[in-house]
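Below you'll find the structure I mean.
All of the numbers you see were taken from the coordinates with simple rules; none came from a lab. None of these values were measured; they are calculated from a predicted model. Because the Cβ atoms are built from the backbone with ideal geometry, glycine has one as well, and the counts that use them run over all protein chains shown.
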Ligand code: SF4
């Protein structure tokens, strides 16, 4: 464990805070407590390259093979420190000293991990050992690109049995906007299929990052396409729960960082209101 004694706050959640390879603690605003992060991409590799990505030294690629015994040891050590140790008192602000979830959220895309279902199973076993299974959520934060893979489908089915939820990234619903924001050629129809698939297996929220680029807010035609995407998903996927809107909570580590700036709180809430007008629950985390 690191000798650092500072409290973990939403602005201070470096992933190597405890010196572990895969597991890190975050005091999460969204979760209202401690979120245990599981990073399957310690190699900083992702199959996308979003302009706002906060991962330093991001490279194009996939998750490496996970050392499963190491992951299990790290999960146990983290849970031991949080549940039985003095970690909460020493490092977590008062009022946040509760474990809210385990979030599979790496320095890259976690569904590129070929052992995805084994990872979910390991998380379940660890939670069970600490009597937390079905008492905390298991969240997957993903760009959705590999949810169709058999090992991911198996993992999502497992998650759904134990308070699982998927947060699936859809920042843009046109090819042009996706290329500009996510750095990939994504077909919106494919994204729709992936979102439907995820929602069929596990309750799914769409997560969308909104911001200004070169001082300009998202173009109206992009917003329209995004709203149409959400409305169609609502009609076609009963497991779709709503949309999570977030801004630039942490600085981008990509070359475009200087071109990005946050939307105002009222602009974010106005976007959420437009989704809600379509009957889609919307939460803002600026
Ligand atoms: S999908 Fe996530 S990890 Fe990958 S580039 Fe985008 S923000 Fe970064």
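Considering only C-alpha atoms, what is the centroid distance from the stretch 188-266 to the stretch 73-147, in Å?
Computed from Cα coordinates, the inter-centre distance equals 24 Å.
To continue, here is another question. Determine the shape class of the stretch 16-93: with a ≥ b ≥ c the square roots of the Cα gyration tensor eigenvalues, call it rounded for a/c under 1.5, and otherwise prolate if a/b is greater than b/c, oblate otherwise.
Working: a/c = 2.89, a/b = 1.50, b/c = 1.93.
Taking the square roots of the gyration eigenvalues as a ≥ b ≥ c, the stretch 16-93 is oblate.
What are the equivalent ellipsoid semi-axes of the stretch 138-286, built from the alpha-carbon gyration tensor (square roots of five times its eigenvalues), in whole angstrom, biggest first? Let's see the in-between values first.
Values: eigenvalues 125, 56, 44 Å².
Semi-axis lengths for the stretch 138-286 are 25, 17, 15 Å.
Something else now. Neighbour counts of other C-beta atoms within 10 Å: give me 120, 66 arranged from fewest to most.
66, 120
Specify the angular offset, from 0 to 90 degrees and rounded to the nearest 10, of the alpha carbon long axis of helix 68-79 from the longest principal axis of the alpha carbons in the chain.
Result, in degrees: 80.
Also: Can you give the angle from 0 to 90° between the axis of helix 220-236 and the longest principal axis of the chain, with both taken from C-alpha atoms, to the nearest 10?
In the chain, helix 220-236 runs at an angle near 70 degrees to the longest axis.
Can you give the Rg/Rh ratio of the stretch 183-235, where Rg is from the C-alpha atoms and Rh is the Kirkwood radius?
Rounded to two decimals, Rg over Rh is 1.01.
Another one. Quick one: 192, 253, 20, fewest Cβ neighbours within 10 Å first, how do they rank? Spell out each step's value before the answer.
Details: 192 17, 253 14, 20 22.
So the residues, fewest neighbours to most, are 253, 192, 20.
Also: Say R0 is 25 Å: what FRET efficiency, to the nearest 0.05, do residue 193 and residue 114 get from their beta-carbon distance?
0.75
Normalising by the residue count of the stretch 23-285, find the relative contact order in percent from Cα pairs under 8 Å and 6+ residues apart. Before the final figure, lay out the partial values.
On the way: 517 pairs, mean separation 48.8, N = 263.
Across the stretch 23-285, relative contact order equals 19 percent.
Taking the chain as the reference, fit the longest principal axis to its C-alpha atoms, fit the long axis of helix 265-276 to the helix C-alpha atoms, and give the angle between the two in degrees, 0 to 90, nearest 10.
Approximately 80 degrees, to the nearest ten.
To the nearest µm²/s, what D does Stokes-Einstein give for the chain at 4 °C and 1.567 mPa s, using the Kirkwood radius over alpha carbon pairs as Rh?
Numbers: Rh = 19.2 Å.
So the translational diffusion coefficient is about 67 µm²/s.
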